[in-house]
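In what follows, a structure is listed as structure tokens, so that the remarks can point back to it.
The values are calculated or read from the model by the stated rules, or taken from the named source; none is laboratory data. Just so we're clear, the structure is a prediction, and the values are computed from it rather than from any experiment. Here the Cβ is made from the backbone with ideal geometry for all residues, glycine too, and neighbour counts use every protein chain on show.
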Amino acid sequence: MNLDKWLEHCESIHSKNIDMGLDRVRAVAERLNLKFNCPVFTVAGTNGKGSTCAMLESILEESGFTTGVYSSPHLYDFKERCRISRVIASEEQYIHHFERVEQARAGITLTYFEFTTLAILDLMAASNLDVAILEVGLGGRLDAVNVVDTSCAIITSIDIDHTEFLGTDRESIGREKAGIMRPGVPAIISDPVPPASLLKYADEIGAEAWLIGRDFNFSGDKQQWSFAVRGRRSAGLAYPALRGANQIFNACAALAALEALRYVLPVTAQGIRNGLSLVNLPGRFQIVAGQPTLVLDVAHNPHAVSALFENLDAMGFYPCTHAVFGAMEDKDLATMLRKMEPLVTHWYFCDLPTPRAISAQALMEIWEGTDQGKKGESTLGAGVLGVAGGVVSPVAQTYQNPVTALQAAIGRANPADRIVVFGSFYTVGGVLEHGIPRLDAPHLQTSNAT
């Protein structure tokens with residue numbers, strides 16, 4: 001079978017999309033004799049996991065180490081979930097390890113995520129790595145990634161998300177994230193106000209907790225920044241190539257983790273500088289120059305949307321901000337919409353190709369219940385920006401997919417405007433599937449032609 005057929009198979013062998021627990025995964029991992037003969041970083045958190053993994057990967061590669069990264073979900077190609085030495089794994093590699101998992105499971109039911117995670121871990125374990133970097137998919141304690149014992153746990157921001165599985169408050173969620181910690185092993189915590197449950201669990205099991213503000217910290221100005229960790233200091237650092245004010249916390253987590261394992265993974269000062277300046281991860285406050293400007297961000301919960309709002313606000317003045325928005329049904333959507341209200345003047349709600357997504361029409365109805373929606377107007381797939389007394393009034397439309405929504409936004413935007421695509425990996429991935437869009441407003445194209 002090709003990879004697409006294997007993925008269809010993975011979707012068919014379990015009745016649930018998510019089945020929390022490690023017993024089945026651990027049983028198959030033991031049959032695979034799954035183990036890593038290298039240091040392992042395991043990264044959990046509500047937001048910032050992918051960026052932290054990418055910074056670790058970039059710094060370690062620039063310091064001469066061979067890295068393997070497991071990251072999920074993907075934007076538009078499943079193969080993105082595994083990178084070996086910064087190169088996406090091939091279909092042939094995937095198929096071989098899918099076959100191994102299928103043979104090893106011998107009747108054990110695995111979810112799509114569990115099956116694919118085991119296949120990727122098996123692929124990485126066979127790749128002669130110097131270091132493995134594993135991103136947790138959901139929570140930590142019961143996530144399939146947690147069958148691998150970590151050499152250094154990293155926990156980024158903690159906020160409310162996936163409440164049906166992790167709990168409804170930060171304390172409950174923090175305890176689930178804490179499950180990736182191990183006794184006597186460094187645990188890097190970059191949330192400035194970590195839940196008490198996280199710190200309590202670290203103390204109970206004897207994990208070596210490193211806290212931002214206590215064990216490591218940063219300072220800086222607009223040009224450069226400095227990082228200090230347990231008596232050591234790195235000054236004159238360039239800010240990470242990944243944009244957004246929140247990325248400094250992810251960079252600190254990565255640098256603290258590297259310090260914790262510096263005796264087995266000694267990175268160079270030049271490796272740190274090059275790694276931070278060269279790190280690349282699509283869809284994380286990714287700004288694409290053009291007329292209008294395009295911003296792509298996989299912000300998919302209120303905490304991430306708050307960071308997106310702050311980053312957009314720091315960009316300066318734009319006459320209008322057009323937002324292409326599609327999201328999963330289980331998110332706090334009204335809060336996400338309200339957080340963006342002060343900036344967004346025109347909404348393009350879109351359907352997404354997954355049963356978990358909320359429909360564009362349902363998004364429209366939620367928006368109509370917000371303060372902005374009550375003042376604006378909504379149409380189905382058509383309409384123009386409302387203007388009252390020279391002031392742009394909010395407008396919303398619905399579209400069948402992110403691409404048609406983006407095309408509509410391009411058609412209505414002025415060259416000095418800004419288009420933001422956010423809400424889900426599916427939303428951003430939908431517009432990136434055929435490459436990075438380069439925007440020119442229609443009347444600019446006409447002007448250039450003449």
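At a glance:
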quantity	calculated
One residue from Asp330, Asp297 being at pLDDT 95 or above and among the charged types (D, E, K, R)	Asp297
Residue within the stretch 22-35 that is assigned to a loop (DSSP other than H, G, I, E, B), without any contact (Cβ under 8 Å) to a residue 12 or more places away in the chain and assigned by TED's automatic domain parsing to the domain that holds Arg182 present	yes
Val305, sole failed condition from (1) more than 24 Å from Thr370 (Cβ to Cβ); (2) crowded, with 18+ Cβ neighbours inside 10 Å; (3) within 15 Å of the chain's Cα centre (by Cα)	(1)
Residues that are among the hydrophobic types (A, V, I, L, M, F, W, C), assigned to a helix (DSSP H, G or I) and crowded, with 18+ Cβ neighbours inside 10 Å, drawn from the stretch 79-109	Phe98, Val101, Ala104
Candidates Phe309, Phe349, Phe317, filtered to the one that is part of a strand (DSSP E or B) and of a type outside the set (D, E, K, R)	Phe349
Sole residue being at pLDDT below 90, under 26 Å from Gln247 (Cβ atoms), surrounded by fewer than 22 Cβ atoms within 10 Å (Cβ to Cβ) and among the charged types (D, E, K, R), chosen from Asp130, Asp159	Asp159
Failed item in (1) over 27 Å from Ile173 (Cβ atoms); (2) surrounded by 16 or more Cβ atoms within 10 Å (Cβ to Cβ); (3) of a type in the set (S, T, N, Q), with Ser277 passing the rest	(2)
Unmet requirement for Ala254, which otherwise passes all of (1) among the small types (Gly, Ala, Ser); (2) touching a residue at least 40 places away in the same chain (Cβ under 8 Å); (3) exposed (fewer than 13 other Cβ atoms within 10 Å of the Cβ)	(3)
In the stretch 110-127, residue surrounded by the most Cβ atoms within 10 Å (Cβ to Cβ) [restricted to those that are assigned to a loop (DSSP other than H, G, I, E, B) and of a type in the set (S, T, N, Q)]	Thr111
Residue among Thr52, Thr66 that alone is of a type outside the set (A, V, I, L, M), buried (at least 21 other Cβ atoms within 10 Å of the Cβ) and closer than 25 Å to Ile248 by Cα	Thr52
Test for Phe41: is it surrounded by 22 or more Cβ atoms within 10 Å (Cβ to Cβ), over 23 Å from Ile160 (Cα atoms) and of a type in the set (Phe, Trp, Tyr)	yes
Selected residue (criterion: modelled with the lowest pLDDT) from residues of the stretch 394-424 that are in contact with a Gly (Cβ under 7 Å, 6 or more places away or on another chain) and either farther than 16 Å from Ala360 by Cα or β-branched (Val, Ile, Thr) (or both)	Pro394
Residue list for the stretch 254-294, filter: polar (S, T, N, Q), in a strand (DSSP E or B) and under 15 Å from Ala241 (Cβ atoms)	Gln286
Number of positions in the stretch 199-246 that are among the aromatic types (Phe, Trp, Tyr), at pLDDT 95 or above and assigned to a loop (DSSP other than H, G, I, E, B)	0
Counted residues, the stretch 158-198 - those being in a helix (DSSP H, G or I) and either under 22 Å from the mean Cα position of the chain (by Cα) or among the charged types (D, E, K, R) (or both)	16
Filtered residues of the stretch 322-338 (kept if under 19 Å from the mean Cα position of the chain (by Cα) and either charged (D, E, K, R) or in a helix (DSSP H, G or I) (or both))	Glu329, Asp330, Lys331, Asp332, Leu333, Met336
Yes/no for Gly290 being free of Cβ contacts under 8 Å to residues at least 24 places away in the same chain, out of contact with any His (no Cβ under 6 Å at 6 or more places or on another chain) and not assigned by TED's automatic domain parsing to the domain that holds Thr52	no
Candidates Pro342, Pro266, Pro353, Pro319, filtered to the one that is within 19 Å of the chain's Cα centre (by Cα), surrounded by fewer than 19 Cβ atoms within 10 Å (Cβ to Cβ) and either under 30 Å from Pro186 (Cα atoms) or not small (Gly, Ala, Ser) (or both)	Pro353
Which listed residue, of Ala153, Ala126, Ala178, Ala119, is free of Cβ contacts under 8 Å to residues at least 60 places away in the same chain, under 27 Å from Ser306 (Cα atoms), hydrophobic (A, V, I, L, M, F, W, C) and in the same structural domain as Phe98 (by TED's automatic domain parsing)	Ala178
